[in-house]
Amino acid sequence: NRLTEAALEKMLPVREKELSLGHLMQHLANHSTYHRGQIALMMRQLNAEPVATDFHVFLTKGRVDHS
């Protein structure tokens, strides 16, 4: 709730470059999607059926209620 436009625009060091926090957050989401796809492909190559990896499925069905 406290994330501001200024915070999203803040430049952070990444290797020998700098990227904004907003772009790094987008990269995190994209990169995790990439790896979920890799795992799903490996499972299919082993004749296994991977679970759904769509975010909307997680939001509507995949959350574990710890209450």
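Residue 21 falls short on exactly one of the conditions (1) at pLDDT below 95; (2) aliphatic (A, V, I, L, M); (3) in contact with a strand residue (DSSP E or B) (Cβ under 9 Å, 6 or more places away or on another chain), and that condition is (1).
Tell me, yes or no, whether the range 32-39 has at least one residue that is at pLDDT below 95, surrounded by 11 or more Cβ atoms within 10 Å (Cβ to Cβ), charged (D, E, K, R) and not in a helix (DSSP H, G or I). Within the range 32-39, not a single residue is at pLDDT below 95, surrounded by 11 or more Cβ atoms within 10 Å (Cβ to Cβ), charged (D, E, K, R) and not in a helix (DSSP H, G or I). Under the condition of being open to solvent by 100 Å² or more (accessible area, probe 1.4 Å) and either in a loop (DSSP other than H, G, I, E, B) or modelled with pLDDT of 85 or more (or both), the residues counted in the range 40-55 number 7.
Within the bounds of the range 8-30, is there any residue that is free of Cβ contacts under 8 Å to residues at least 40 places away in the same chain, open to solvent by less than 60 Å² (accessible area, probe 1.4 Å), touching a helix residue (DSSP H, G or I) at 6+ places or on another chain (Cβ under 9 Å) and more than 29 Å from residue 56 (Cβ to Cβ)? Yes, the range 8-30 contains a residue that is free of Cβ contacts under 8 Å to residues at least 40 places away in the same chain, open to solvent by less than 60 Å² (accessible area, probe 1.4 Å), touching a helix residue (DSSP H, G or I) at 6+ places or on another chain (Cβ under 9 Å) and more than 29 Å from residue 56 (Cβ to Cβ).
The values are calculated or read from the model by the stated rules, or taken from the named source; none is laboratory data. Just so it is clear, the model here is predicted, and its values are computed rather than measured. Note that each Cβ is placed from the backbone with ideal geometry, even for glycine, and that neighbours are counted across all protein chains shown. Quick note on the areas: whole protein, heavy atoms, side chains included, nothing else; ligands and nucleic acids left out. Shrake-Rupley method; radii C 1.70, N 1.55, O 1.52, S 1.80 Å.
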